[in-house]
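What follows is a set of notes on a single structure, which appears directly below.
The values are calculated or read from the model by the stated rules, or taken from the named source; none is laboratory data. Computed from a predicted structure; not experimentally measured. Neighbour counts are summed over all protein chains in view; Cβ atoms, including those assigned to glycine, are modelled from backbone coordinates with ideal geometry.
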């Protein structure tokens, strides 16, 4: 059953951000954009949601327009698999865990 606002599912990858939106009437729409494009937008997920809502970059997304946003990312997983991240250490005190 459709709610009052849009529902969004966002997958932010290292190259592209994919967004699926469900309009209040239940129809599904999609949008794909570069995950990093600082000349055009500071945040790909917000830019994609604005695009699906038909808003310009200067228009705010309001709470009454959006029922839910669910976001996942493969950026951290890919960094681990490719061993591409910064060197990291875990330091804990005795008795932790």
Looking only at the stretch 1-39, and only at residues there that are touching a residue at least 60 places away in the same chain (Cβ under 8 Å), part of a strand (DSSP E or B) and in contact with a helix residue (DSSP H, G or I) (Cβ under 9 Å, 6 or more places away or on another chain), the one that is farthest from residue 54 (Cα to Cα): 12
Residue 48, sole failed condition from (1) surrounded by 10 or more Cβ atoms within 10 Å (Cβ to Cβ); (2) in contact with a strand residue (DSSP E or B) (Cβ under 9 Å, 6 or more places away or on another chain); (3) at pLDDT below 95: (3)
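What number of residues in the stretch 50-78 are assigned to a helix (DSSP H, G or I), under 21 Å from residue 18 (Cα atoms) and in contact (Cβ under 8 Å) with a residue 12 or more places away in the chain? Spell out the reasoning first.
Start the filter on the stretch 50-78 by keeping residues that are assigned to a helix (DSSP H, G or I), which leaves 50-53, 63-65, 75-78.
After this cut, where a residue has to be under 21 Å from residue 18 (Cα atoms) as well, the list is 50-53, 65, 75-78.
Filter once more, keeping what is in contact (Cβ under 8 Å) with a residue 12 or more places away in the chain: 51-53, 65, 75, 78.
Result for the stretch 50-78: 6.
Would you mention how many residues in the stretch 53-75 are closer than 14 Å to residue 11 by Cβ and either surrounded by 16 or more Cβ atoms within 10 Å (Cβ to Cβ) or touching a helix residue (DSSP H, G or I) at 6+ places or on another chain (Cβ under 6 Å) (or both)?
Going residue by residue through the stretch 53-75, those that are closer than 14 Å to residue 11 by Cβ are 69-75.
Pick out the ones that are also either surrounded by 16 or more Cβ atoms within 10 Å (Cβ to Cβ) or touching a helix residue (DSSP H, G or I) at 6+ places or on another chain (Cβ under 6 Å) (or both) and you get 69.
Number satisfying all stated conditions: 1.
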Residue list for the stretch 4-30, restricted to those being surrounded by 12 or more Cβ atoms within 10 Å (Cβ to Cβ) and over 14 Å from residue 47 (Cβ atoms): 5, 6, 7, 9, 11, 13, 14, 20, 22, 23, 24, 29
